[in-house]
1. Looking only at segment 8-43, which residues are touching a residue at least 60 places away in the same chain (Cβ under 8 Å) and buried (at least 16 other Cβ atoms within 10 Å of the Cβ)?
2. Scan segment 161-217 for residues that are of a type in the set (A, V, I, L, M, F, W, C) and on the phi > 0 side of the Ramachandran plot and jot them down.
3. Output the residues belonging to segment 198-212 that are in a loop (DSSP other than H, G, I, E, B), open to solvent by less than 10 Å² (accessible area, probe 1.4 Å) and either under 20 Å from E166 (Cβ atoms) or touching a strand residue (DSSP E or B) at 6+ places or on another chain (Cβ under 6 Å) (or both).
4. Can you work out which of the residues in segment 551-582 that are among the charged types (D, E, K, R) and over 20 Å from L252 (Cα atoms) is farthest from the chain's Cα centre (by Cα)?
5. May I ask you to list pairs of residues, at least six apart or on different chains, whose Cβ atoms are under 6 Å apart, with the first in segment 375-392 being more than 21 Å from N199 (Cα to Cα) and of a type outside the set (S, T, N, Q) and the second being open to solvent by 10 Å² or more (accessible area, probe 1.4 Å) and modelled with pLDDT under 90?
6. If we keep just the residues of segment 656-683 that are of a type in the set (S, T, Y) and not in a helix (DSSP H, G or I), which is least open to solvent (accessible area, probe 1.4 Å)?
7. Would it be correct to say that E76 is of a type in the set (D, E), over 27 Å from A121 (Cα atoms) and out of contact with any helix residue (DSSP H, G or I) (no Cβ under 9 Å at 6 or more places or on another chain)?
8. If you go through segment 496-504 one residue at a time, do you hit one that is of a type in the set (G, A, S), within 30 Å of P447 (Cβ to Cβ) and touching an Asp or Glu at 6+ places or on another chain (Cβ under 8 Å)?
Amino acid sequence: MTKILIDGKEIDVPADYTLLQACEAAGAEIPRFCYHERLSIAGNCRMCLVEVAGSPKPVASCAWGVRDCRPGPNGELPAVKTKSPMVKKAREGVMEFLLINHPLDCPICDQGGECDLQDQAMGYGVDTSRFAENKRAVEDKYMGVLIKTVMTRCIQCTRCVRFSTEVCGVPEMGLIGRGEDVEITTYLESALTSELQGNMVDICPVGALTSKPYAFAARPWELGKTQSVDVMDAVGSAIRVDTRGREVMRILPRVNENVNEEWISDKTRHVVDGLRTQRLDRPYVRDNGKLRAASWSEAFAAIAARVAGKDGKRIGAIAGDLAAVEDMFALKDLLARLGSTNVATQSGAGFDPKAGRASYIFNPTIAGIDQADALLIVGANPRKEAAILNARIRKRWRSGALKVGVIGEKADLTYQYDHLGAGAETLTDLASGKHSFAEVLKGAKNPIVLVGAGVAARADGAAVLAAVAKLALDVGAIKDGWNGFAVLHSVASQVGALDIGFAPAAGGLTAVQMADPGGVDVLFSLGADEIVAADGTFVVYIGTHGDRGAHRADVILPGAAYTEKSGLYVNLEGRAQMASRAAFPPGDAREDWAIIRALSEAVGKKLPYDSLVQLRQAMFKAVPHLMRIDQVEAADAAGVKALAARGGSVEKGAFTSPVADFYLTNPIARASAVMAECSRLAAGQILTAAE
């Protein structure tokens, strides 16, 4: 620690702090444009100037280290002033220079009301300008579907350039030209390809980069703001849902250091238009092969008539990717009262909750990646399945302390790795020590063996999971204080479903078996759109969008999307999270648990809870750790040992990722025109475009 005097106040700070960090630790406010705590230091906006004792001129506090400050001639502590006349004059001068070429676009700029330049011009600038010449103008650039550019507003802070290079790992942006002709561009003016590019809009301190889908839609002071969590993948990123009236206008990230830091993926951010298109807003019943609008009582009567007298073994339920824990708990309870154990998620057949939580969660935790020094990825593509988690892996890899090996598809993961092989044969070689990467894992202090949830959907999924768990034990990934066995789930509902036992019990059917011909007679589909039931099965679809599941349904019961209900989700590391209601469902749509509760009465098996509070009380009694919101319930490593002991025969064949198209993974995303355009761009169908 180093002592330093800031505005006459003595503080103790780490020697590797910059002056800017030291000043903030002392409670001083330092304006900045180019500096961002998660990016490298550029030192090119000069807004953070401070006065250092002994220095003939102000210094940029973001690029000056505490250890570089010299003591006074008589051994006095290094002194820094942040409010002196020299600092005030310097900041006013910098602000005047920044505004020389900046257009007066505030009335028509989407950044208005949440613009760093506006705020700091008010706080640190002057109310007049001495510049009377013509302002510089810069041609706007094409950057794809998501980012709108007005490059005349750009102040060349280079935050976007550093973000694309360092965090995204896709160095597609940079500066061209010299002096006053300098411009930020994508060089060839092609669409950006990163799944995290929307974050550039957040970190841009002016209105040069704004959200294209949100352009001219609303002002920040018009919006209601609701804290929630994302369900587009299993990471559970912290988000803020902004609404105007009944409509969701935009989704922004919240800071959560343990999960998503302050980034979110483009799918999370721009799926908003999918929430209002192709929505189911009334019940439907199929008559003579055609769906017709019906009342709730008609729909329930049609279901009750089919369920009446049915053997429980001929009734089943499949939960979709976006189902909340309460909804699945109520549906499982209803099926149990109907005498059925046929409950399953769409793709979790290889997981068995009876083995223990450690067998199906991301045990090292997302923040634990920052301590890892070796990583083996088996049958997963983190960039597509969990873009935010992939950015965390890249962050650790950039530190030089992480070696990565991959068994599965060859893909651009934005960091270098050793491609060990494509399938189960490589896994066997690694387990027997035939591959050199086994020594890397054994020699690591905190190794992680990461297996993609996609392998669980294979016919030999349980055996592959067991083989990976055994490998994790063999290479020492599980030891006191560290559990390096990690399952990378790609859907939000999977961990919560396994926690409450929403999986086939003894003699129960898997999702594939239920959907096969002769599987079940009545199938309840809780937003399950990736599996289509065979002809002859009576399908009750509880969901939000007119997707594949609704097309196959015999009765449709309109549900609420994740922004329209209060619901629990459990992310891939086992962290219980609360999604809050920001808007209301359209038309006659209702919250899913309430639909199931009303349906239970119609079929004569009334569930014992009349409110969400009562439902949660029953759920917390059955699974106590779900009540500990935003906490990771550490799992007993014995679950990994139990999984490894199961063994099984592993088939040959390459591992593949379950996510073929990052942008179109669920019904909400498939209803989004923005996501469809992103998908086409990613597939290379649109090679060039004009804005």
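The values are calculated or read from the model by the stated rules, or taken from the named source; none is laboratory data. Predicted, not measured: the structure shown is a model, and the values here were computed from it. Heads up, the Cβs are rebuilt from the backbone with ideal geometry, glycines too, and the neighbour counts pull from every protein chain shown. Side chains included, ligands, DNA and RNA excluded: accessible areas come from the protein's heavy atoms. Shrake-Rupley method; radii C 1.70, N 1.55, O 1.52, S 1.80 Å.
1. Once the filter is applied, which keeps residues that are touching a residue at least 60 places away in the same chain (Cβ under 8 Å) and buried (at least 16 other Cβ atoms within 10 Å of the Cβ), segment 8-43 yields L19, P31, F33, C34, H36, L39, A42.
2. F216
3. Scanning segment 198-212 gives G198, P205, A208.
4. D554
5. G379/G454
6. S672
7. The answer is yes for E76.
8. yes
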